[in-house]
1. Which ordering of R92, R110, R140 is given by a fewest-first count of other beta-carbon atoms within 10 Å?
2. Test of understanding: ordering I144, I107 by Cβ neighbours within 10 Å, fewest first, what list do you get?
3. Checking the a/c ratio against 1.5 first, then a/b against b/c, what shape does the Cα gyration tensor give for the range 9-179?
Amino acid sequence: MAQYFAEHATDMNVSFPLTKRYRALLEVNKAAITQPTSHKVFENMCTVLKQLVLFDRAGLTLYEPEQDALKLIARDGKFANSYFRVGVLLGRKESHDGWMIEHGVPIIRRDVETEGRFPIEERSLAEGLHSYCAAPLVLRGENIGVITLLSRRKNQFSYRHAEFLQQAANQIVLAIRSFNRHCAQHSHTKLICPRCIASSGGQKTTTKYKDHLSVWGKRGGRGRKSRGDELTNARLG
């Protein structure tokens, strides 16, 4: 049976010395601050994780509300002829990623063949991946994406892996969001609007992007929009 952030004490067969774990998390945090793209942040995070965790592949997905699916935006490992190409959409009801968007807790699959319950897991199994560990990206109580580590071996991951992966995910979630902006009030657009501005830095951001705002936007979204006073298609960042 799959584990959802729960595990027997006898399964705690992996040891993460505190000093190494904290040092690794600091390196992940540094990558989140210094790397220029979400792909680079994820790539550096995976490099750090490999110092403590054995895995063959890793993937980063973000929830796309307009598609009701999660998009694979970055990956690590060998993916020759893989279904899991960057940009592929994983249906919310068809993947563990979607389950985690709804529930917000890590998942451990020790044996995908016997524990799998989602259609997308059959594709992982077909590509020789027999176990995985996944943690949600949670920002201010919102589940925005998922990080998954996968192995060709069964029983590769434990509760401690899930706990450590969650700690690493917490270090990069703000950076990943900043590179992939969505307005919480307008899930179908990435256009600059007053609510997007407010969620991206308030007055300072309004000043920075004032040349891209409509007249209505410059008023902070107050009052009624006049005809022709449309939002621009300029983007943040």
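1. Details: R92 19, R110 22, R140 10.
So the residues, fewest neighbours to most, are R140, R92, R110.
2. Working: I144 19, I107 23.
Fewest-to-most Cβ neighbours within 10 Å comes out as I144, I107.
3. Details: a/c = 1.45, a/b = 1.06, b/c = 1.36.
Judged from the Cα gyration tensor, the range 9-179 comes out rounded (a/c under 1.5).
Computed from the coordinates by the stated procedures, all read-outs in this text should not be read as laboratory data. Just so we're clear, the structure is a prediction, and the values are computed from it rather than from any experiment. Cβ: placed from backbone, ideal geometry, glycine included. Neighbour counts: every protein chain shown.
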